[in-house]
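Comments concern the structure below.
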Amino acid sequence: MAKAVFHQDFNYSSRKRNVGWGIKASEEPQALPEEVIAAGVAAGVATRVSPRKAKTAKKGQEAGVN
């Protein structure tokens, strides 16, 4: 799922499925389906948040060496 910070409350009804969302404004990123995030960004009420990269294992741990 995509993440975004919503600056205003936002209601969205899916164009693809029989479902809708009521999103409350929050300073914390919210994980929602891509179509909801895209609609919020297009409406100017949301800012997309880049996903964090997973931490990589240290060299040696990959091979099972301690």
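Where the second residue is of a type in the set (S, T, N, Q) and the first is surrounded by fewer than 19 Cβ atoms within 10 Å (Cβ to Cβ) and lies in the range 25-41, which pairs have Cβ atoms under 6 Å and are six or more apart or on separate chains? Filtered contacts from the range 25-41: 25/8.
On inspection, residue 50 fails the criterion of being at pLDDT 95 or above and either open to solvent by 50 Å² or more (accessible area, probe 1.4 Å) or within 16 Å of the chain's Cα centre (by Cα) (or both).
The values are calculated or read from the model by the stated rules, or taken from the named source; none is laboratory data. These numbers were taken from a predicted model, which means no experiment stands behind them. Note that we place each Cβ from the backbone using ideal geometry, even for glycine, and neighbour counts take in every protein chain shown. Calculation scope for accessible area: heavy atoms of the full protein, side chains included, ligands and nucleic acids excluded. Shrake-Rupley method; radii C 1.70, N 1.55, O 1.52, S 1.80 Å.
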